[in-house]
Amino acid sequence: MISLRPAITATALALLACLGQRVRAQEAPDPPLVIETMQCRGNVSTSCKSILSYIFLNPGDVIDEEEIQNAKLRMVWLPNFESVDIYLEKGSERGKARLIVEVVEGDAIRTEGAFGFASRDSIAFNVTEARISNWNLSGEGRVLHFGGGVATPLGEPELSQKVVSLQYVEPQLFGSKKYYANAIAFWNDTDSEDRYGNRVKAEHAGVELMLGRRLWDFSFISAG
């Protein structure tokens, strides 16, 4: 009689070893997906560098889905983008992906105006304001606001206040995604009278400069 037990046992062991390798392979986690390159599509008047500055990720970083969604939120509220889509494409090898930012640009030039009423020290005022803005100066996402306003008391046209201001925002100070600068130059001409009959005439101009750093997802701190 010929025994088949050793052959069967060897085959079973081989099958168990193969099954164990497959189980270990299935249990092994996939390596983290890494950004190989970052590209822009659809942009005509806006530089890709400016667009990518709203994404706090760089080539070589691990894909962060939460940060990608946060970056999309940072961009969609800007008037110079009508729509923003951020997605991934297959990279040159396993574990790598290309991050694509596709935009539809809007009109970066915006005009605003307002007319209303205000009250101070029991005196009512007509208030008229206007502003023109460029939200994509030089195609680099820089912001320039120019505006002014006039406040005239109702029934007392000889009293007034006039204000003119020019504001410039540098969103990528020294080429950084985290640091920014905000500068405002203003001129104010005031001819007013308080409730006690004291007449005040003043004309002054000034400059304000603030430097800031972005923190976390949507917060920032500034000093000036």
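The values are calculated or read from the model by the stated rules, or taken from the named source; none is laboratory data. What you see is a predicted model, and the numbers here were worked out from it, not measured in a lab. Note: ideal-geometry Cβ built from the backbone for every residue, glycine included; neighbour counts use all protein chains shown. Side chains included, ligands, DNA and RNA excluded: accessible areas come from the protein's heavy atoms. Shrake-Rupley method; radii C 1.70, N 1.55, O 1.52, S 1.80 Å.
List of remarks:
- The numbered conditions (1) at pLDDT below 90; (2) within 30 Å of the chain's Cα centre (by Cα) are all true for W187 except (1).
- Residues of region 115-124 satisfying the condition of being touching a Lys or Arg at 6+ places or on another chain (Cβ under 8 Å) and either open to solvent by 50 Å² or more (accessible area, probe 1.4 Å) or within 30 Å of C48 (Cβ to Cβ) (or both): D121, S122
- Test for S50: is it of a type in the set (S, T, Y), open to solvent by 40 Å² or more (accessible area, probe 1.4 Å), touching a residue at least 60 places away in the same chain (Cβ under 8 Å) and farther than 30 Å from G197 by Cβ: no
- Residues located in region 198-224, provided they are farther than 24 Å from W187 by Cα and open to solvent by 70 Å² or more (accessible area, probe 1.4 Å): R213, W216, F218, F220, I221
- Within region 125-134, considering residues that are at pLDDT 90 or above and not hydroxyl-bearing (S, T, Y), the one most open to solvent (accessible area, probe 1.4 Å): E129
To keep it simple, each residue is scored yes or no on (1) without any contact (Cβ under 8 Å) to a residue 24 or more places away in the chain; (2) out of contact with any strand residue (DSSP E or B) (no Cβ under 6 Å at 6 or more places or on another chain); (3) among the β-branched types (V, I, T); (4) open to solvent by less than 40 Å² (accessible area, probe 1.4 Å).
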{"position": "D107", "(1), (2), (3), (4)": "no, yes, no, no"}
{"position": "T111", "(1), (2), (3), (4)": "yes, no, yes, no"}
{"position": "G141", "(1), (2), (3), (4)": "no, yes, no, yes"}
{"position": "Q161", "(1), (2), (3), (4)": "no, no, no, no"}
{"position": "V169", "(1), (2), (3), (4)": "no, no, yes, yes"}
{"position": "G175", "(1), (2), (3), (4)": "yes, yes, no, no"}
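- Wholly within region 87-161, strands (runs of 3 or more DSSP E) carrying at least 1 residues that are polar (S, T, N, Q): 109-120, 123-137, 142-153
- Going through (1) more than 30 Å from S50 (Cβ to Cβ); (2) in a loop (DSSP other than H, G, I, E, B); (3) among the acidic types (D, E) one by one, D189 falls short only on (2).
- Residue among S192, S176 that alone is among the hydroxyl-bearing types (S, T, Y) and closer than 30 Å to N43 by Cβ: S176
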